Amino acid sequence: MNQTERYYRIDQLVRERGPISREDLMAALEVSRATITRDLNYMRDRLHAPIVHDREAGGYRFEQAGIGPQYELPGLWFNDQEILALLTMHRMLEDLDTGSLLGPRVQPMVARLRSLLGSTGGDADEVMRRVRVRPAQNRPVPPRRFEPIGNALVNRRRLEIEYYTRSRDARSLREISPQRLTHYRNAWYLDAWCHTTESMRVFALDAIEAVRLLDAQAREIAPDALEHEGEDGYGIYRSGELREAVLRFSPEAARWVSAEIWHPRQQGRLLPDGSWELRLPFATSTELEMDILRHGPDVEVLAPTDLRERVAARLAAALARYGKPAQQD
């Protein structure tokens with residue numbers, strides 16, 4: 001916790017628990033007596049915080065409002081992950097409130113987020129003007145489907161779903177026991193035990209065309225088994241035998257790819273000619289193939305052979321499509 005963050009925490013503790021003793025402040029902030037004394041003196045002398053020590057109450061409190069110069073804490077900025085999380089949550093909550101019956105529940109959370117964003121030293125509107133979050137390729141889920149899934153997840157109930165499998169262009173009726181929701185690449189997925197196939201499956205929520213809450217109790221999957229279910233693979237669909245992909249990126253692409261995390265267990269190295277070799281585990285290759293293809297001529301699959309052949313086949317099919325005149329309706 002840096003110095004500015006401590007000022008905010010001291011302010012919060014004095015407001016919520018004051019009068020609060022020096023010892024309690026030290027314990028809450030996990031700092032020494034000298035540090036808390038220095039912070040309190042700085043807040044009083046430089047920031048004009050109306051903090052006084054109440055001997056009778058045995059702690060620090062704020063004086064009556066309106067006494068002395070105006071008190072204002074310095075701006076507190078966030079790191080990249082914090083500001084992204086705050087702005088993303090703000091946007092998602094505002095989208096949820098549009099035409100929704102959840103307004104009374106959502107608005108207090110939106111107000112709290114705006115308050116946090118305002119702690120950067122400017123108001124929340126100014127922060128949102130200066131920092132932009134641009135989600136792409138969203139696949140939204142209607143509340144009439146999302147809410148019963150969340151209900152079943154929390155109350156441990158089974159669901160009956162009508163599911164559209166895009167890869168096979170097929171629809172099926174499934175009975176499932178939901179285990180965990182995952183938000184991944186601007187889409188929602190549900191890890192669930194499928195009673196139809198008697199196995200764990202991952203379902204894209206936007207591909208669930210109808211859902212019905214059942215009275216039956218959901219089957220429980222042990223937390224350890226759920227946590228490690230396909231965790232080593234690549235992407236959201238991870239079942240199958242785990243193998244290693246070896247990719248080589250051109251020196252031009254290496255400038256970007258060398259800074260990217262494709263997988264937590266990846267291994268990368270810079271080659272003498274400036275190209276970048278990336279090794280990572282995968283099971284199901286569909287998503288990996290898509291990520292490889294977006295680099296076009298700047299990447300080559302070195303191994304395994306079948307992955308190299310699948311990517312080559314996709315490239316050949318694309319080239320064949322561009323080898324004939326475009327057809328317009």
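No lab work stands behind these numbers, since they all come straight from the coordinates. Remember, predicted model here, so these are calculated numbers, not experimental data. Because the Cβ atoms are built from the backbone with ideal geometry, glycine has one as well, and the counts that use them run over all protein chains shown.
Mind checking the dipole of the range 194-297: about its Cα centre, +1 per Lys or Arg Cβ, -1 per Asp or Glu Cβ, Debye to the nearest 20?
Numbers: 11 positive and 19 negative charges, 67 e Å.
Dipole about the Cα centre, nearest 20: 320 debye.
For mean projected area of the Cα convex hull in nm², one of [x] 15.9; [y] 26.7; [z] 19.4 was computed from the structure I shared and the rest are decoys. Which label?
So the structure-derived entry is [y].
How far is it, in nm, from the label point at HIS195 to the one at ASP54 when both lie 7 Å from their Cα along the line to the Cβ?
5.9 nm
What is the calculated FRET efficiency for HIS183 to GLN107, with r their C-beta to C-beta distance and R₀ = 30 Å, to the nearest 0.05?
0.85
Given R₀ = 56 Å, FRET efficiency for THR286-ASP45 by Cβ-Cβ distance, to 0.05?
0.35
Points 7 angstrom from Cα along the Cβ direction at THR4 and VAL131: gap in nanometres?
1.1 nm
I need the calculated FRET efficiency for the pair LEU319 and THR35, taking r as the beta carbon distance and R₀ as 45 Å, to the nearest 0.05. Before the final figure, lay out each step's value.
Details: r = 65 Å, r/R0 = 1.45.
So, using R0 = 45 Å, E works out to roughly 0.10.
For a quick protection proxy, order the peptides 242-248, 179-185, 152-158 by their average other-Cβ count within 10 Å, most packed first.
Listed from highest to lowest mean packing, they are 242-248, 152-158, 179-185.
Please give the length that would be gained between ALA312 and LEU214 if that part of the chain were fully extended, namely 0.36 nm times their separation in residues minus their C-alpha to C-alpha distance (nm, one decimal).
Using 0.36 nm per residue and subtracting the Cα-Cα distance, I get 30.7 nm.
Please give the contour-minus-distance gain from ASN151 to ARG294: 0.36 nm per residue of separation, less the Cα-Cα distance, rounded to one decimal in nm.
Working it through step by step, the gained length comes to 47.7 nm.
With the crude spin-label approximation of a point 7 Å out along Cα→Cβ, what separation in nm comes out for ARG171 versus LEU226?
About 3.0 nm separates the two model spin labels.
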